[in-house]
Structure formats: structure tokens, C-alpha cells
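Read the structure below first, then the notes.
Values quoted throughout were computed directly from the atomic coordinates according to the rules given, and no laboratory measurement underlies them. Values in this document were obtained by computation on a predicted structure and should not be read as measured data. All Cβ positions, even for glycine, are placed from backbone atoms using ideal geometry, and neighbour counts span all protein chains on display.
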Amino acid sequence: MKRKWMTAPYIIWMLLFTIIPLCIVLYFAFTDSVTGAFTFQNITGMADYAPIFLRSIWLSVIATVICLIIGYPVAYAISTCKPRTQKLLQLLIMLPMCLSFLLRTLAWVALLEDTGIINNLLTSIGLQPLPLIRNSGAMVLGMVYNYLPYMILPLYTAISKINPRLIEAAEDLGCNKRKVFSKVVLPLSLPGITSGITMVFVPAVSTFYISQKLGSPGTILVGDIIESQFKGAYNPNLGAAMSLVLMILIFICIGISNHFTKSDNEEEQLI
């Protein structure tokens, strides 16, 4: 009985900051902004924003894949270092996260803008300035920079927990480094890959400040539309409906990722 009472603070927290807000979103998503009557108009109106949803998902997938490609070798390299070096490298990875998200994004604006540091450097050596900002590439760069630590840290945790004896056993059985990685390290690090993908994709697909500062009016994301419905258009019902649809899409993407990870784990257990 005492153990059940110990969960009370967590249940209250979930009720106040998860369940009740979700109920409010559901209420606004299925009610009219004028009369407050029940309606599906907010949901059916999502078809007009389908290209924006697809663009948001596509750019987020690209950013997540880039983070995985960069983050996995970094996490693996950190896990092979001495314990003191590992702590130092972890600190260096987490250090940018101590700065404000806004400041980190504005720093890239100062670097990439038409009169920024990079283009000024190119102009000084006689080259033409490049269109480095207000495009999809700049937005993906901003996502990768801001969310890369969220990929590295789960991967490092998963890889560092791999028992070295399993690697030694594979090498004793004649596996080269490539087979050791593909048959032992990679399968055992799949939970870290799944966690990293989730932690990068979820904030990337719902971001709005990065697209506002590094993108253009033609590259707006769904997060920008949701923000505009609450701050500019004053239509919280449509904004809530878009938030609900975005949440469902995120759950679907996470479910697909977990399904493939579960299938791979089952195959490894059978082997």
C-alpha cells in the first residue's frame, strides 16, 4: 500500500500537465471557434495543410538521419575512450545545450546571412557570396546542430553498456571488426538508436523558431502554422486540431520505428 502512495506525486503530475492539457486540446479541436458547437470541420480542414505536414516530416527525417550518421561514430568513439576522457567528451557535447536555444539559432543566422561572417569572408577573398540562408538546407542545418546531442547521448549510453566479453567472444570465433560491429555492436545498440531517433525527430518535426530564422516564407513548417493560429489568426480551435494531427503523426512514426527495432531484436534472439 505504501508503494502505491509513493506513485501519487507522479500521477498528480501526469494528470495536471499531460491528461488535462490533452483533454483541452481535444475539446478545442472538435469545437467551433464561434459557437463552441461540436464539429469535425477543424479536422477535415487539415487537407489544405497536407503539403506543409509532408514538408515538416520530410525535413525532420533528413535531419534525424544526418544526426544518426554523425552521432553514431561519435558515440562509438567516446565509448572506446578512457573513463576520464569519456566524462570530458560528454561535457563538451552537453556544453552547447547550456546555452539558450534562441542564442544558438541566432548564432547560425549571424554565420549564414547574406552579410554574415561566411559570406563576408568569401567576398574578402574575391568570391561571390552564397545563398546560405532562407532555404531548406539552412533549416536542416539548424535542426542537426540543435538536436545532435539528443542523438549522441542515448547512443553512447547504449554502446557503453555492451559487455566487452561479447565482443571478445566474437573475435575469438573468427569475426573481423566489420562482422563484430554488424553482428554484435549494432544489434545491441538498437535501443539507443530508437531513443535517439525519437528524441531528435519529435522536436524537429514540431519546431518553429528554426524555420522562422533560417527558413523563408516558402519553407514554413507545421509548427509555424500552429503558432500563427494562436498568436496571429486567433483561432485556437484550428491550432488545436493541427496539434492533434501532428501528435498522431508523431506517434505513428515512433510506432513504425519501434516495430522495426522490435523485429530486429527478435531476429537476433532467434539467432
field: DSSP H segments from the chain that extend 20 Å or more along their own axis, Cα-based, with Kyte-Doolittle mean of 0.5 or above
entry: 50-79, 136-160, 190-205, 236-270
field: Extended-chain gain in nm, criterion 0.36 nm per residue less alpha-carbon gap, Y234 and S100
entry: 45.5 nm
query: Roughly speaking, what is the centre-to-centre gap between segment 100-147 and segment 215-243 when only Cα atoms are used, to the nearest Å?
result: 25
message: If I model a spin label as a point 7 Å beyond the Cα along the Cα-Cβ vector, how far apart are those points for T123 and W58 in nm?
response: 3.3
For segment 1-41, projected area of the alpha-carbon convex hull averaged over all directions, nm²: 3.7
statement: In cubic angstrom per residue, the convex hull of segment 33-170 built on its Cα atoms measures 241
Value of [θ]222 nm, deg cm²/dmol, for the chain, DSSP H segments ≥ 4, -39500 (n - 2.57) each, nearest 500: -22500 deg cm²/dmol
statement: Exposure proxy check on R165, R104: fewest-to-most Cβ neighbours within 10 Å is R165, R104
- prompt: Using the alpha-carbon centroid of each, what span in Å lies between segment 163-201 and segment 1-56?
  reply: 39
- prompt: Seen from all sides and averaged, what is the projected area of the convex hull of the Cα atoms in segment 123-252, in nm²?
  reply: 12.7
message: Relative contact order of the chain, please, whole-number percent, based on alpha carbon pairs below 8 angstrom and at least 6 residues apart.
response: 27
task: Please give the net charge around A241, taking every other residue with its beta carbon less than 15 angstrom from that of A241, where Lys and Arg add +1 and Asp and Glu add -1.
output: -3
message: If each residue of separation counts as 0.36 nm, what is the full-extension length gain between A8 and A110 once their alpha-carbon separation is subtracted?
response: 32.0 nm
- prompt: Name the residues of segment 224-253 whose amide N is less than 17 Å from a point 7 angstrom out from the Cα of L22 along the C-beta direction?
  reply: 240-253
task: Calculate the spin-label point distance for R84 paired with Y209, positioning each point 7 Å from the Cα along the beta-carbon direction, and give it in nanometres.
output: 3.7
field: Nonlocal amide H pairs with T31, under 5 Å, H built at 1.01 Å
entry: T39
- line: For the pair Q41 and S216, the simple spin-label estimate (label points 7 Å beyond Cα toward Cβ) gives in nm 3.5
task: Take the Cα gyration tensor of segment 50-270, multiply each eigenvalue by 5, square-root it, and list the three semi-axes largest first, rounded to whole angstrom.
output: 36, 25, 15
- prompt: How many lysine pairs in the chain, separated by 8 or more positions in sequence or lying on different chains, have Cα atoms less than 28 Å apart?
  reply: 15
